[in-house]
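Below: the structure, in structure tokens.
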Amino acid sequence: MDTGYIARRALQFAVVLWLLVTILFIIPRLQGDPILLLTEGDIEPAEIEKLRVAYGLDRPVTVQYLDYLGGLATGDFGTSIKTSQEVSDLIIQRIQRTLPLVIPAKILALVVAIPLGTIAAVRRGWLDTFAVWMSLLFQSVPNFFVAILLILLFGVKLHWLPTFGSGGLDHHILPVAVLASYPIARYTRLMRAQVSDAMHSDYVRTARAKGLAEVVMVRRHVMRNALLPIVTLIGLDFGTLIGGTIIIENVFSWPGFGTLTLDAVLRKDYPVIQGAGLTIGFLVLTGSLLADIAYGYIDPRIRRR
Amino acid sequence: MEDLRTTLLARRTFLRGAALGGVGLAAAAVIGCGDDDDDDGAGPAATTAPLTATATPTASTGAATATPTAAAAETVKTGSITVAVQSSVGETLDPNSTAAIASDYAGIFDQLLRRDPRTNQYVPEGLATSWEFDTNNQTRWVFNLREADWNDGTPFTAEDVKFTLEYITNPDNKSRLISRLNTVDSVEVLDPRTAVVVTKAPDPILDRRMISSWVLPKHIYEDPDRGAEWQALSGKPVGTGSYVVDRWIQAERTDLVASASSWRGNKGIIEATGANITEGSTRASAFEAGDVAAINAPLLEVARLQGLHNGGVSAAVNVSNAHTNFSVEYHEGPTSDLRVRLALAHALDNVTYAGLYEGFAEEMQGQQLTRTDFGFNPNVGPYGYDPDMSRTLLRDAGFGNGFDAPIGQLTGNDPVVDAHTLAVKDAFDEIGLQASIVNIDVSTWRDHIYGRTPRIMIERWAFSGIGQHDAAFALSWSEGSQPSKFYANADFDRAFNEAIQTMDTDAREKKFWEAVQVMHDDPPAVWSTTRPSVVVWRSDQYDLSLWERPAVFFDQIAVV
């Protein structure tokens, strides 16, 4: 592997990460004074000032920024204004609650989408029609709406599954299904398109001419090539999937990273907003970096660019 | 995992038994053998057991005296309940972490006193048995305290009251309640059962302020091995409330069991779970599925929910002074003209708008206070819907052709509220204005309110001083002596400032009436309707007493 290629990618990673940190620092501060949001009721300016001092918000923004950067360098994300917990602890705790949703959703998406997209492209017929319409549906309908419908059907009408919470295995089924719905649609569509293209390529024609069995030909030649963009997407989508839990966890009252983030945004808990945003951004960037490296490894043409 | 469940089971079983200590072995045995998993929020485990009698206080304001009488043991049903909450309890068990919805901590902690919304009286159903101010030195309030224990067995004393008030008013502790108790100067401990609170100036509503704060255990906060963080996040907070926390899953649920050492006792709920469900449609689904027994219901769902469970569902408005009004620019622009503001007031068909709220709202009575507020002026009534008068007033003011009137409204509203705003826009258009709706973020709105930035919008906002239904709180937003306030009317300021320094209750009320009348004649806002929050519950299973947020005052819930 070309070390220059990896170094260039790593430098891009660092620059984008710094931009992300800076944006996350600035944006919450453009949206109002957190002290006013925290202290509902009749509060005098002198008391507001005292609280501002207590939270360190009285210092110049540049000092706050440098302090924030220094903290990040030592792994200190700050302290939650709401709960007084270390943000890093809070994020780790809550991501641990979210991973049992995200990882099964990711696996489910791949297990369903790759065979479905492949079979749809190879066999066509009703399965292809189903795959196309299913993809269209799940890519079009907001997943929070799907979540509400599933709760009504399986929780309220059929009483098969709980309507909220994170207790047992049965609590996982609906949120995992909802989180997987969009990736299933996306991957199925992509896989179908890739396999369709590959099926008309020269090397497939050659394989057929050599008398290779259809199943072997699809598995060895078609799927290997068709999976390349999927591999890229898996890396890129992981952070997106974590970010996607913000709404879904709220609908299912799941106490994970998503609810933590949404709650922090609503309460203007700066340190948590910054920590959560940075976590999502870091995951997306890391996924992207790994995908770039993997892609460069798989396809030498990429790293020569 | 199995070990953990076994531990939880054993602890819970023990606590159940302890809670019913003295109740009878038979009842304890029945409950102890019950299904441990109350996650399903199923109906109460209907057992029958005598309940320890609780105090029956009498109430008055200013010099209240409790006369707890031990009622004869009576037979009551016991059971469990699961309610949906949208609260801070899920995030932290520190009651200082929020300035709102603090009643969600009612199961675990006690205030010095409670407010009975039926009478608007502050009653000795908290840790104070009586209280009065020193008539010679009106900055001194004496609180007589009851015998009570923290749930770890430590006696509750006046030192805890002193610690609590000093803790909250110290900015270093970052309590959200600091603004509620900003008149407290110092606290003296006369003896373990008597605390004296000294205010910076005479403060006739000090007793009402006490409803904001939950009394904290000094010995825990000062324990180097435990402290504030342990109290907030260990899941085992020490309180004097009717319940102790059995299991707490941050951001998900709080399981409570009846405290064996509680002075207050309960009316039959021996296990209570507050499940954090923030999404309205999920709350409605959970209620419909029978997973929870009480919810704050989305308004448009109330009628449907009332038809569920074979009609065994009731609905009631959470007692609150929240309302909707449209505050206007008082100092600049067209609305600085009194005639224009009155034109806006007469343009609103508030009776019709109240109907949007499924029958749970009512027209505001031409003032910022609702009927449940102390200081509500019964002699002041609505302006009345009269668009012709509005047009005349606008013409007289030189705005016969109208003017641009953007109506700011907060984002994330219930659809009913959005419909209300749309109806008001139409009403303003009808009298010739060029109205539009501008959606704004809550923090932007808050900066606008406090920061005194130029007002260019007519806004809709609601005051909600939870637990403090007093004109001193509701009207303080408008008092002009502070630079952060926006209403500057010398007559109002005089009446208001006299009122908040008048210790005599009747005289204070009359002063507030005067302030309300001034504000009615020279309004800084257009008051529209009350803003109801509706609780829906399984009345075939539970009897919810009328407290501000009845679904979370578990000690007041009886099993039917």
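A short reminder: the numbers here are calculations on the coordinates, not readings from a lab. As the structure is a prediction and not an experimental result, all values here were calculated from the model. Ideal geometry is used to build each Cβ from the backbone, glycine not excepted, and the neighbour counts take in all protein chains shown.
Rounded to the nearest 20, the size of the Cβ-charge dipole of the stretch A:160-254 about its Cα centre is 600 debye, with Lys and Arg at +1 and Asp and Glu at -1.
Ordering A:18, B:547 from the fewest to the most neighbouring beta carbons within 10 Å gives A:18, B:547. Note on A:252-261: average number of Cβ atoms from other chains within 10 Å of each residue's Cβ is 4. Going down the table (A:50/B:511; B:174/B:200; B:162/B:267; B:162/B:200; B:200/B:511), which pairs top 23 Å between alpha carbons? As for pairs spanning more than 23 Å Cα to Cα, those are A:50/B:511; B:162/B:267.
For residue A:157, the aspartates and glutamates whose Cα comes closer than 14 Å to its Cα, not counting residues fewer than 8 places off in the same chain, are B:288, B:291. Dividing the radius of gyration of the alpha carbons in chain A by their Kirkwood radius gives 1.07 for Rg/Rh. Build a GNM of chain A with springs between Cα atoms under 10 Å apart, and of A:262, A:17, A:153 the one that fluctuates most is A:153. For trypsin sites (Lys or Arg not before Pro), the sites in the stretch A:102-144 that DSSP calls loop and that have at most 16 other Cβ atoms within 10 Å are A:124. The fewest-to-most ranking of B:146, B:253, B:339 by surrounding Cβ atoms within 10 Å reads B:339, B:146, B:253. Give me, ordered by chain and number, the residues 5 or more places off residue B:323 or on other chains with an amide H under 5 Å from its own placed amide H. Correct list: B:463, B:531. Projecting the Cα positions of A:213, A:253, A:230 onto the charge dipole of chain A (unit charges on Cβ atoms of Lys, Arg, Asp and Glu, taken about the Cα centre) puts A:213 furthest along the positive direction. Summarising the amide proton neighbourhood of residue B:362: residues at separation of 5 or more, or on other chains, whose placed amide H is nearer than 5 Å comprise B:530. The length gained by stretching the chain between residue B:521 and residue B:247 to full extension, at 0.36 nm per residue less their Cα-Cα distance, is 93.2 nm.
Per-residue Karplus couplings for the stretch B:544-553, computed as 6.51 cos²θ - 1.76 cosθ + 1.60 with θ equal to phi - 60°, are listed in order as 9, 6, 8, 10, 3, 10, x, 5, 10, 8 Hz, Gly and Pro entered as x. Listed values for the stretch B:319-326 are Karplus-derived 3J(HN,Hα) couplings in whole Hz (6.51 cos²θ - 1.76 cosθ + 1.60, θ = phi - 60°), namely 5, 7, 9, 5, 7, 10, 9, 10, and x replaces Gly and Pro. For chain A, the membrane-span-like helix rule (DSSP H, alpha carbon extent of at least 20 Å along the helix axis, mean Kyte-Doolittle at least 0.0) picks out A:3-30, A:87-123, A:125-140, A:169-199, A:223-252, A:270-298; this says nothing about an actual membrane.
Counting every other Cβ atom within 10 Å of each residue's Cβ, B:514, A:249, B:271, B:159 order from fewest to most as B:159, B:514, B:271, A:249. Taken one residue at a time, the phi angles of the stretch B:209-223 give Karplus couplings (6.51, -1.76, 1.60, θ = phi - 60°) of 5, 5, 6, 6, 10, 9, 5, 9, x, 4, 5, 7, 5, 9, 7 Hz. Gly and Pro are set to x. Near residue B:292, the amide H atoms lying under 5 Å from its own belong to B:287; only residues 5 or more places off or on other chains count, and H is placed 1.01 Å from N. Summing Lys and Arg as +1 and Asp and Glu as -1 over all other residues whose Cβ lies under 12 Å from the Cβ of residue B:365 gives a net charge of -2. Taken residue by residue and averaged, Cβ atoms of other chains lying within 10 Å of the Cβ of B:168-181 number 5.
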